[in-house]
Each structure stands twice: as C-alpha cells, then as structure tokens.
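The values are calculated or read from the model by the stated rules, or taken from the named source; none is laboratory data. Please read these numbers as outputs of a predicted model, since none were measured by experiment. Backbone-built Cβ (ideal geometry, glycine too); neighbour counts: all protein chains shown.
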Amino acid sequence: MQDTHKMTRRRMLEAFMAGTLGMVAGETISGQSQTRADSPQPAPLPTDKEITGDPRVRGPFPILSTPYTESGDVDYEVLAKSARFVDWCGCSGMIWPQSGDSIDLLTMDEKLKGMEVLAQTMKGRKTALCLGVQGKTIDEMLVYARHVEKLEPTAIISRPMGNAKTDDELRDYWHALMEVVHRPVIIQTAAGGCNPSVQLLKDLGAESPYFGYVKEETKPIMQRMKELVAAKPVIKCVFSAMGGFAWLHQCRIGTEGLITERAVYADLLMKIWNSYECGDLTTASDAFGKFLLMLNLRETIPCQELRGYHLYVWQKRGVFKNRLSREYGPGNSIPEKPIIANMELSQESMDEIDMRFETLKPFLKEGTFTDD
C-alpha cells in the first residue's frame, strides 16, 4: 500500500471524530495503539500492526447486563448508570442488547426504549456505543435497524436471522441491513441456527465499507479466526468472544478486541488490552490470569453463566441495586410472562468472590465510581 494511504491511528481517530474522513472500503492505517487519557497505560512500544476499518471499533466491547426493578421491569435508570460506569472505566466500547437474555426475554418496546436511553446517556462521552440489531425475520430486524440508525451510535452488532437455514438467506438478511445502516456492523457468527460461512463474511466485507467486522464464535473457532484475519483489509476487525477464556491466545493470532457480557470488569479488560497492545505481556498475562480467576468461580458457584455471581460484583462496584434476572422457561423456552429470579449467594460464596475480587485491585481504575 502506498504511503499516501497510511496515517497514524491517532490522526485517523481525530479525523473520524471531526467528521472529515469518510470510510473507504479496504483503507488501511498503521501506527501506535489508541489509548485513553483516564486509564493508566504502560509505556507504549513501537508497533507495525496494520489497523483496518474504523479505529473506534476495536478493543474491549463488553455487553451490558440488563438490570431489573423489584417488580421485574427493566431498570432503565440503572442501565444508563452501567453505561456511565463503563465509560468511567475508560473502555473502548459497550454493547446492548445482545446476550440471549436481553435479546429473547425483552419485548421489542423494551429494547427500543433501552436503546434510546443509552444513546442519550452516551452523547458527548468517549466510550463507543454499539447497539444490537437482529430479528427472527428480515422485517423484524429492520424495525430495530431503522430505529438505531436514527439514534446514530458508533456501531451496531447483528447476529444471524433466527429462522435462516442457508448462507443465501443470511446474505439477503444482511443485504437488507446494508441498505438501512451507515455505520460499522459487527456480525456475531453464532445464534443457535445457521451460522455464516467465512466466505459470506468476506463477501459482505468486500461489498460495503461498513461490513467486515466479526465477533467470531462458530466452530472451529481458531481456524475461522485465522482465515478471517488473513482476509484483511476486506475483513476490518475480528473480535474474540465466548466469555474471553481464550482471549490472549486469540490476540496472538490477530483478534483485536473482546465481546462478552463482562462489562462489570470493563477497566480490567481495558488494562489487559492496553498492556498487550503496548507490548507489556507480563502485565497483560497477570491481569488476564486474575480475570480468569473470576470467571472460574462458575466451577464452585452454579449459576446462569453470563450473569449469576457477576451481579454481586455489579453491586460491589456501586452500580446495580439487586441481583434479579429474567429466566427462560422449561426447555429454554421463552415464557409468556417474565420469570424473575434472584441470584442467591451463601456467605461462603460472597467471601470467595470478595477474596478473588481483591486480587483485581492493582489492575482496576483507581478511585470509586460515583456516577457524577
């Protein structure tokens, strides 16, 4: 690529924020890693990594956990507070609604209202907002897409259509989305049904400068990731997923961020990411090990994996009021009326969570979140 098509990541980001640079399919930039002024950083080291696509859409993009009131309604006040917390942590981005519980167990009206709340909350803030756009049919997906486009978030994320059976059906689904949105689209590759082939992801990335961002979680995951990374610049960015258990390994093969419902650890995720980006592998590995220590609590505290005891951590960090969740019905069915359950924890379990959380402290943002 000629030098005239290259610029530093800092200059690229400034141009994007100023609205002076349009996205061009296949454009590539290279330079130093993007940092956040309010997040402690290791000393940056030189890097020759090529960054493709929108530089705002990379790094940790944790999914917000949906909070509920005692009556079982969505707690929009706490949802907004959790978004402000992620921004306070200095995280690259955030996503909502996207996990199974927030996609399947919320009504359309609840999701549309939550999107509006988050878009208003994040106006003028640094952390990128990414909103979830998907449906069981093309028409359902387009309701969300048109609504989100009016809200103008940094990006959107979309998983496969619920009733799709072939690549061609998925192609039609995302072509319909392509006609409506004009911002980066992250495709989540797994949704329990037909998942997109690597070739389809590459085709979409070649057709639109807004496509080519991928949250990869379809088996064989590592092989698909390698194929996608090798397809740059048509593929702009590949995100790790599946809870983040293999994140550092996948970073080494070329993923450039993490998407998972772990927003309560947003500052820890950013510390891991910034340390890795700056070449401080000792700090990145140490912080990642402490992150895994929290995730491995699932081995001794049975729970709904994505929420469960992590709701207690949300309370510890001064964001959530309770540990309530909506649950699926028998056989993972969607109940006619919400089923509300509280995450009960013994004193022994809370003591263990507290002990492990203490080990995170050297890697968390200093101070206490006060929601100013």
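Values computed for the structure shown
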read-out: Any chance K365 is part of a loop (DSSP other than H, G, I, E, B), under 30 Å from S92 (Cα atoms) and touching a Cys at 6+ places or on another chain (Cβ under 6 Å); value: yes
read-out: Any hit, the range 79-99, residues being at pLDDT 95 or above and surrounded by fewer than 16 Cβ atoms within 10 Å (Cβ to Cβ); value: no
read-out: The range 339-362, residues that are surrounded by 16 or more Cβ atoms within 10 Å (Cβ to Cβ), over 25 Å from the mean Cα position of the chain (by Cα) and part of a loop (DSSP other than H, G, I, E, B); value: L345
read-out: Hits in the range 75-105 (condition: outside any helix (DSSP H, G or I) and free of Cβ contacts under 8 Å to residues at least 60 places away in the same chain); value: W96, P97
read-out: Test result for L118, in a helix (DSSP H, G or I), in contact with a strand residue (DSSP E or B) (Cβ under 8 Å, 6 or more places away or on another chain) and in contact (Cβ under 8 Å) with a residue 24 or more places away in the chain; value: yes
read-out: Qualifying residue in the range 196-204 (condition: crowded, with 20+ Cβ neighbours inside 10 Å and either touching a Ser or Thr at 6+ places or on another chain (Cβ under 6 Å) or assigned to a loop (DSSP other than H, G, I, E, B) (or both)); value: yes
read-out: Matching residues, the range 141-189, being under 16 Å from P209 (Cα atoms), part of a helix (DSSP H, G or I) and hydroxyl-bearing (S, T, Y); value: none
read-out: Any hit, the range 290-303, residues being among the hydroxyl-bearing types (S, T, Y), at negative phi and under 21 Å from the mean Cα position of the chain (by Cα); value: no
read-out: Lone qualifier among T255, T283 - being more than 25 Å from Q188 (Cβ to Cβ) and at pLDDT 95 or above; value: T283
read-out: Pairs with Cβ under 7 Å, 6+ apart, first in the range 312-323 and more than 16 Å from Q347 (Cα to Cα) and outside the structural domain of K81 (by TED's automatic domain parsing), second part of a loop (DSSP other than H, G, I, E, B) and β-branched (V, I, T); value: G318/T368
read-out: Verdict on I272 being of a type in the set (A, V, I, L, M, F, W, C) and surrounded by 24 or more Cβ atoms within 10 Å (Cβ to Cβ); value: yes
read-out: Any hit, the range 223-237, residues being in contact with a helix residue (DSSP H, G or I) (Cβ under 8 Å, 6 or more places away or on another chain), of a type in the set (A, V, I, L, M), outside any loop (DSSP other than H, G, I, E, B) and closer than 20 Å to D101 by Cα; value: no
read-out: Count - residues of the range 287-306 that are touching a residue at least 40 places away in the same chain (Cβ under 8 Å) and closer than 16 Å to F357 by Cα; value: 11
read-out: Some residue of the range 124-140 being in a strand (DSSP E or B) and over 20 Å from the mean Cα position of the chain (by Cα); value: no
